[in-house]
Amino acid sequence: MWEIVTSVGENERAIVILLDALEGNAKAEKAVQDLKAEELNTENGMDILLNKLDAVFKSEQVDEAYNAYSKFITFQKHSEMTMTDYIVEYEHLYCKMVEYDMQLPDNVQAFKLLDGANLSEDDRKLVLALANDIKLQTMQSALRRLFSVNRDKEGELSKLLAIKQAFYRS
């Protein structure tokens, strides 16, 4: 967009960027320190400058993307975490991954959420029975309904256990 509105000539743009926009960014300055004014003061000077900067900063972006992916794919609920907190953190980590253009189909997300919840086999079957389709929102709802019960209310917990027992008898 800057190229459209600037009055700086095409041959001088790379030098202006180098002297003005990169000033104070030590990493960027170091990446381009070996470029000569003669190289930049050409029609393809911007391409030369951008290629140098990409060599440094794109590798960081790949590292960050892998880090976002790795955190998401290995994330699991731990015993001290509430189901609501688990779901919120799952969504946060997935959004970080999406920032790097990595999306999963909704049904895969639903199963990833279920697998990462660290449920017993019986609890997993119960969640699957409550989920009437394979959608992330449905899986979140089933997990919240089953495991976000106020544990201090014995009546509600007893009802949940009765439902669970009835499910496994049939």
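The values are calculated or read from the model by the stated rules, or taken from the named source; none is laboratory data. Just so it is clear, the model here is predicted, and its values are computed rather than measured. Neighbour counts run over all protein chains shown; Cβ positions are idealised from the backbone, glycine included. Accessible surface is based on the protein model in full, side chains and every heavy atom, while ligands, DNA and RNA are left aside. Shrake-Rupley method; radii C 1.70, N 1.55, O 1.52, S 1.80 Å.
At-a-glance table
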{"item": "Residues of type aspartates and glutamates that LYS112 reaches as a straight line, Cα spacing below 12 Å, ignoring anything fewer than 8 places off in the same chain", "result": "GLU91"}
{"item": "For LYS112, net neighbour charge (Lys/Arg +1, Asp/Glu -1) across residues whose Cβ lies under 14 Å away", "result": "0"}
{"item": "The range 32-40 - phi-based ³J(HN,Hα) in whole Hz, Karplus 6.51/-1.76/1.60, Gly and Pro as x", "result": "10, 4, 8, 6, 9, 4, 5, 5, 7"}
{"item": "Computed accessible area, LYS125, all protein chains, 1.4 angstrom probe, square angstrom", "result": "90"}
{"item": "Exposure of ILE4 as accessible area (Å², to 10), given a probe of 1.4 Å and all protein chains", "result": "140"}
{"item": "Accessible carbon and sulfur surface of the range 24-127 relative to its total accessible area, %, 1.4 Å", "result": "51"}
{"item": "Test item: Cα-centred dipole of the range 11-113, Lys/Arg +1 and Asp/Glu -1 on Cβ, debye", "result": "360"}
{"item": "Accessible heavy-atom area order of ARG13, ARG145, ARG124, highest first, probe of 1.4 Å", "result": "ARG145, ARG124, ARG13"}
{"item": "Sequence-distant aspartates and glutamates (8 or more away, or on other chains) whose Cα lies within less than 18 Å of LYS125", "result": "ASP115, ASP133"}
{"item": "Order of exposure, largest accessible area first, which applies to VAL56, VAL88 with probe 1.4 Å", "result": "VAL88, VAL56"}
{"item": "Proximal charge balance of GLN103 [Cβ under 14 Å; K/R count +1, D/E count -1]", "result": "-2"}
{"item": "Heavy-atom accessible area ranking, 1.4 Å probe, most first, across MET46, MET139", "result": "MET46, MET139"}
